[in-house]
Amino acid sequence: MRNNQLILIVITTLFSLISYGQWTYPNSNNISTTDEVTAPVFLVNNEIRIPNTFVATDPSIGTLDNSHYGINLHKTNGIGFAFNGVHQLVFKPNGDTGIGTDNPLGRLHVSTGTSGDAILRLESDTDNNNESDNPLIQFRQDGGTTGINMGFSEENFGGNIFGIGTKYASQEQWNTLAINTNTGNVGIGTNAPSEKLQVKGLIRLDKATSTDNNSPGIVLASNDDFLYDGQYLNNYGFGFHGFNDGSNGHTEPANTYVSGYWGMDFFTNRTNRLRISHDGIVSIGTTERQVGYKLAVNGKIKAKEIKVETGWADYVFEKNYELPTLKEVENHIKEKGHLKDIPSAAEVKENGISLGEMDSKLLQKIEELTLYTIQQQKEIETYQKSLLVLSKKMEALEKHLKNLKN
């Protein structure tokens, strides 16, 4: 405000000098006129110096004839205010304004030169009694229909909330970004964040460039730094990254990190504990991707229930099922050392087993055993009937022999 007032005073003085008649200079410190001055009165308590060596064709703003103060006007370089021989405020003919610089590079250019803090302060409600008075900066384009509102607005952002709001097609939104000055909580999409960072809506992370092969999108970690995936991370946390699975024509070794193959890692004590690859393969206790399997676990699994959806072995009970004879089962065991359709111990050690498939095979053997048992039961019942007939015949024969002896 002081600079604006000073400019107004200078302009008023110049108009006064031009508009009125005869001016005289009784001494070096006074200017007077015999005409009646009806313009606003110009009072000077201290001093204003306008250098008397001013030349309109001078290429620089304000050639001073002293080393202290000056107000300098130039038809091509504008108006400059100098203090201690240095221009502190300039107004260029194109409208650019410089504070602390005589070569402003924009409509307002504030500079402290080679040292000092450049502070631009907007202040309202200095008595802390008018909470509705808030400092706000508005950026506008497209005829004022598009822009940004930034600063404090109790009416729109809330009390003591620094916010950034948007305006598009003349419609304003005030919840783009908010910072609670009391708690330090930051909100995106909300003006009332309850945590250090609260986001209302979706978050998307993209790589910086197409050749950025080795940078995590998000890293949450503790304090002790260590090198992981080419980045200094910490003891605990998780991160997003890109890695190669050795497929899709890539020649890099498996599990090396390359562009386009993204995943997520969880790690503790500087050790990777969980990896989720770009195609949904999950590895627990290992970083190796088991292609063809959605879950790989290096360790024990404890669960109250596991549901496996797979084929079942009820075909054993169909009429056209060829049940091996027990002799065939015996010969297979003697030759192979294990039941037919059941993998050997060596195969299980090398390849493991599929729970669903193995349960189905085991059920197949149980159902076959059930059929063998039913067959054996029928045979036993037949033998029992035969034995009963033989027993009755033996009783009759014994009775006959006894009668012959008598």
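Remarks
- One residue stands out in segment 349-364 among those that are aliphatic (A, V, I, L, M) and touching a residue at least 40 places away in the same chain (Cβ under 8 Å): the one that is nearest to E309 (Cα to Cα), namely L355.
- Among the residues of segment 162-183, the one identified as under 14 Å from D142 (Cα atoms), assigned to a loop (DSSP other than H, G, I, E, B) and of a type in the set (S, T, Y) is S170.
- Only a single item in (1) in a helix (DSSP H, G or I); (2) closer than 29 Å to H338 by Cβ; (3) of a type in the set (A, V, I, L, M) is not met by A396, and it is number (2).
- Some residue of segment 150-161 being surrounded by 11 or more Cβ atoms within 10 Å (Cβ to Cβ), in contact (Cβ under 8 Å) with a residue 40 or more places away in the chain and not in a strand (DSSP E or B): no
- So A118, is it under 30 Å from I71 (Cα atoms), out of contact with any Lys or Arg (no Cβ under 9 Å at 6 or more places or on another chain), of a type in the set (G, A, S) and surrounded by 10 or more Cβ atoms within 10 Å (Cβ to Cβ): yes
- Residues satisfying the stated conditions in segment 304-348, i.e. touching a residue at least 40 places away in the same chain (Cβ under 8 Å), more than 59 Å from the chain's Cα centre (by Cα) and within 19 Å of S360 (Cβ to Cβ): L323, P324
- Boolean, V348 is under 30 Å from E288 (Cα atoms) and either surrounded by 12 or more Cβ atoms within 10 Å (Cβ to Cβ) or outside the structural domain of T287 (by TED's automatic domain parsing) (or both): yes
- If you go through segment 301-345 and pick out every residue that is among the charged types (D, E, K, R), part of a loop (DSSP other than H, G, I, E, B) and in the same structural domain as Q375 (by TED's automatic domain parsing), you end up with 5.
The values are calculated or read from the model by the stated rules, or taken from the named source; none is laboratory data. All of these numbers come straight from a predicted model, not from anything done at the bench. Ideal geometry is used to build each Cβ from the backbone, glycine not excepted, and the neighbour counts take in all protein chains shown.
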